[in-house]
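The values are calculated or read from the model by the stated rules, or taken from the named source; none is laboratory data. Computed from a predicted model, the values in this text were never measured in an experiment. Note that each Cβ is placed from the backbone with ideal geometry, even for glycine, and that neighbours are counted across all protein chains shown.
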Amino acid sequence: MRENTARSSVLPVAPTRGRLRPLGLDEVRITGGFWAERRNTNETATLGHCRDWMERVGWTGNFRAAAEGRIHRDRRGREFADSELYKLLEAMAWQSGTGTALDADIAALTEVIAPAQEADGYLNTAFGRPGQQPRYSDLEWGHELYCQGHLIQAGVAQTRARGVGELAKIARRAADQVCATFGRGGIEGVCGHPEIETALVELARATGEQRYLDQAALFVDRRGHRTLADIEFGRAYYQDDMPLREATALRGHAVRARYLAAGAVDVAVETGDDDLLAAVVRQWEAAVARRTYLTGGMGSHHRDEPSATTSCCRRTAPTRRPAPASPP
């Protein structure tokens, strides 16, 4: 891929077909030192701490409430709260790949999630039930595809670490529902918070199914065509102001911008799309050169939320509700 350029040796490659690939969990052993200590702390303290807090604040209980039909009264947390449980499951799955005894914990959390999944694969505790907004009715702020992206990545982690288990099956059913709903001829929209793109590419890598890669590429190419509503901060806030291939810099909400960049790189290297890769490289180099601090923090300055550019936040008519804070 662009082997004739001076930078070719540092450009990303496709794990499924490139000369370079990430090492598998069974190809690396950590026998001591700093990383062994961190991994031990993760298993014996951090993951349990996170699990207990998610139970305490009610995010785990959201799935029980959804399955029991009382979600409109009892749901706790923001619309993206589901994703926090999926991130925890992903961390547990990767940790379990080192031979640690977390399978029972993963199974217990999976048993909480499974009954909340709809028959067609849709899974979200904030939308679609009596007393809630309809599915995909708030693509700007609803985080539905964002949450399902993190579910998919948890399923991929389980597949790679321990083989296809129930969590991976739940994730794949959710991915199939996304493809059926947002594929060609379906909803021609994108999520206000990118994430589903890189998750679908990872699922394609893990399963060998081309349709997941195709859907990820479709989401990347739809971005920037103003399918999302204009907001107080401007469409650049969620990178829907111009096609990604035309942009010269990362812009808008910094977390969203980098999620999108990661997904676009994944799509580009897996499809051999050199033009798409060049566009992301151009944006990344501009961000590193002019919008990155010595600490590693990225963004020109604070404005509305952490912002990747100084020009992303023109003022327009107020939205129907304030913009929520982004998940960590």
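Please go through region 67-92 and pick out each residue that is at pLDDT below 95 and out of contact with any Pro (no Cβ under 8 Å at 6 or more places or on another chain).
Across region 67-92, the qualifying residues are Glu68, Arg70, Ile71, Arg73, Asp74, Arg75, Arg76, Gly77.
Are any residues in region 220-251 at positive phi and polar (S, T, N, Q), and if so, which ones? Steps first, please.
Within region 220-251, the first condition is being at positive phi, and the residues that meet it are 224, 226, 234, 239.
Within region 220-251, Gln239 is the sole residue that qualifies.
Considering (1) of a type outside the set (S, T, N, Q); (2) in a helix (DSSP H, G or I); (3) under 19 Å from Arg184 (Cβ atoms), say which one Arg256 fails and leave the rest.
Every condition holds for Arg256 apart from (3).
Those residues that are without any contact (Cβ under 8 Å) to a residue 60 or more places away in the chain and part of a helix (DSSP H, G or I), I need them from region 279-296; list them, please.
Ala279, Val280, Arg282, Gln283, Trp284, Glu285, Ala286, Ala287, Val288, Ala289, Arg290
Among the residues of region 119-137 satisfying the criterion of being of a type outside the set (S, T, N, Q) and free of Cβ contacts under 8 Å to residues at least 12 places away in the same chain, which is surrounded by the fewest Cβ atoms within 10 Å (Cβ to Cβ)?
Restricting to residues being of a type outside the set (S, T, N, Q) and free of Cβ contacts under 8 Å to residues at least 12 places away in the same chain, the top hit is Ala119.
Go through (1) more than 17 Å from Phe63 (Cβ to Cβ); (2) buried (at least 18 other Cβ atoms within 10 Å of the Cβ) one by one and return the number of the condition Gly183 breaks.
Unmet condition: (2).
For the subset of region 101-118 comprising residues that are surrounded by 18 or more Cβ atoms within 10 Å (Cβ to Cβ) and part of a loop (DSSP other than H, G, I, E, B), which member is modelled with the highest pLDDT?
Filtering region 101-118 for residues that are surrounded by 18 or more Cβ atoms within 10 Å (Cβ to Cβ) and part of a loop (DSSP other than H, G, I, E, B), the one modelled with the highest pLDDT comes out as Gln117.
To keep it simple, each residue is scored yes or no on (1) surrounded by 12 or more Cβ atoms within 10 Å (Cβ to Cβ); (2) modelled with pLDDT of 75 or more; (3) in the same structural domain as Asp103 (by TED's automatic domain parsing); (4) part of a helix (DSSP H, G or I).
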site: Ser9; (1), (2), (3), (4): no, no, no, yes
site: Val13; (1), (2), (3), (4): yes, yes, no, no
site: Asp26; (1), (2), (3), (4): no, yes, no, yes
site: Thr44; (1), (2), (3), (4): no, yes, yes, yes
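Residue-by-condition table, conditions (1) in contact (Cβ under 8 Å) with a residue 12 or more places away in the chain; (2) not aliphatic (A, V, I, L, M):
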residue	(1), (2)
Ala171	yes, no
Thr181	yes, yes
His193	yes, yes
Glu202	yes, yes
Glu209	no, yes
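Out of region 159-176, which residues are among the aliphatic types (A, V, I, L, M) and surrounded by fewer than 18 Cβ atoms within 10 Å (Cβ to Cβ)?
Val164 - this is the single residue of region 159-176 that is among the aliphatic types (A, V, I, L, M) and surrounded by fewer than 18 Cβ atoms within 10 Å (Cβ to Cβ).
Mind telling me which of the residues Gly208, Gly272 ends up being surrounded by fewer than 17 Cβ atoms within 10 Å (Cβ to Cβ), over 15 Å from the mean Cα position of the chain (by Cα), not aliphatic (A, V, I, L, M) and not assigned by TED's automatic domain parsing to the domain that holds Asp138?
Answer to the check: Gly272.
Which residue pairs have Cβ atoms under 8 Å apart, sit 6 or more places apart or on different chains, and have a first residue in region 103-118 that is touching a residue at least 24 places away in the same chain (Cβ under 8 Å) and a second that is of a type in the set (Ser, Thr, Tyr) and not in a helix (DSSP H, G or I)?
Note: pairs meeting the criteria are Ala116/Thr125.
Kindly check whether there is at least one residue in region 131-146 that is within 20 Å of Thr207 (Cβ to Cβ), more than 16 Å from the chain's Cα centre (by Cα) and part of a helix (DSSP H, G or I).
no
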